[in-house]
Amino acid sequence: MATKHMNAAPGDFAATVLMPGDPLRAKYIADTYLDDARRVTDVRNMWGFTGEYKGQPVSVMAHGMGIPSVSIYCTELITEYDVRRVIRVGSCGTSHPDVQLRDVIIAMGACTDSNCNRMRFGGYDLAALASYDLVEKAVNVARRQKVRHHVGNIFSADLFYTPDPGMFETMARFNVYGLEMEAAGMFPIAAENGAEALAICTVSDDLRTGDHLSADERATTFDEMILVALETAVAND
Ligand code: HPA
């Protein structure tokens, strides 16, 4: 069985899937951290892999950029491949005074300027929430690994090149820690289908100063976050 956007066979995906935006990151995670990893889907080069981490089956599947793309892959993973937990691992910008480059944000919820959740939720505003169980596990891991982190709200924007940068200050005032482009699309898909979702992001851009991580710094901080996500995936606490 293939879905409209994936050519994996039934049973090819583990119950837990880590999701970076970039297919090359998905390959890197599979090559670096999973045992016996094999590629299970390659449609549009949006690669997915399945292997084992510490003896437990884990998959990693790229989701592309933005809510429309992540919505396609999350929907098909959950409704057609019976995936139970999706964990986004990405980067984000920040305008929050307490948040620094390289910090990790564990999202409890995600605001958005997208209309996607009103379309699903009868025209009302849905609070797009992460799974509490996954948030708790990720926070425990981040504490144990002494990773500098923040737990709270993020904002998933439809436009990277926003016409309204004044909104960054409003986000900081409302205690929104990070700005990215996918979580508010993922969380409700999991909720509607009895699955769980989480988003963990490293801060790569300071939206107030224009500072950003170099490619090397991105790679190191990415590794720190991947380990938080993988340990969350196999945690029993
Ligand atoms: N905006 C939106 N998404 C992002 C950013 C940003 O500044 N940085 C990393 N992902």
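Nothing in this text is a laboratory measurement; each read-out follows from the coordinates by a stated rule. Remember, it's a predicted structure, so these values are computed and weren't measured experimentally. Counting neighbours? That spans all protein chains shown, and the Cβs are built from the backbone with ideal geometry, glycine included.
Peptide packing: for 206-217, 99-110, the average count of neighbouring Cβ atoms within 10 Å per residue gives the ranking 99-110, 206-217, highest mean first. For a straight C-alpha distance cut-off of 25 angstrom, the lysines reachable from residue 146 (same-chain residues fewer than eight places away being disregarded) are 54, 137. In this rough spin-label picture, where each label sits 7 Å from Cα along the Cβ direction, the residue 160-residue 234 distance is 3.3 nm.
Taking the chain, the Cys residues with no second Cys beta-carbon under 4.7 angstrom are 74, 111, 116.
Compactness ratio for the chain: Cα radius of gyration over 2.2 N^0.38 Å (N = residue count) comes to 0.94. DSSP beta bridges fully contained in the chain are about 40 percent antiparallel.
Segment 45-60 and segment 182-203 have Cα centres separated by 18 Å. In terms of packing, defined here as the mean over residues of other Cβ atoms within 10 angstrom, the peptides 23-31, 87-95, 161-169 line up highest first as 87-95, 23-31, 161-169.
Quick one: length gained pulling residue 175 to residue 208 fully straight, 0.36 nm per residue minus the C-alpha distance?
Details: separation 33, 0.36 × 33 = 11.88 nm, distance 1.49 nm.
Between residue 175 and residue 208, full extension yields 10.4 nm more.
Return the FRET efficiency for the residue pair residue 143, residue 98: r is the Cβ-Cβ distance, R0 is 22 Å, and the value is rounded to the nearest 0.05. Approximately 0.80, to the nearest 0.05.
Can you figure out the FRET efficiency of residue 151 with residue 15, using R₀ = 25 Å and their beta-carbon distance, to the nearest 0.05? Display every interim value, and only then the final one.
Working: r = 24 Å, r/R0 = 0.97.
Efficiency for this residue pair is about 0.55.
Between residue 31 and residue 7, full extension at 0.36 nm per residue minus the direct alpha carbon distance yields a gain of 6.6 nm.
The length gained on full extension between residue 115 and residue 218, counted as 0.36 nm times the residue separation minus their Cα-Cα distance, comes to 34.0 nm.
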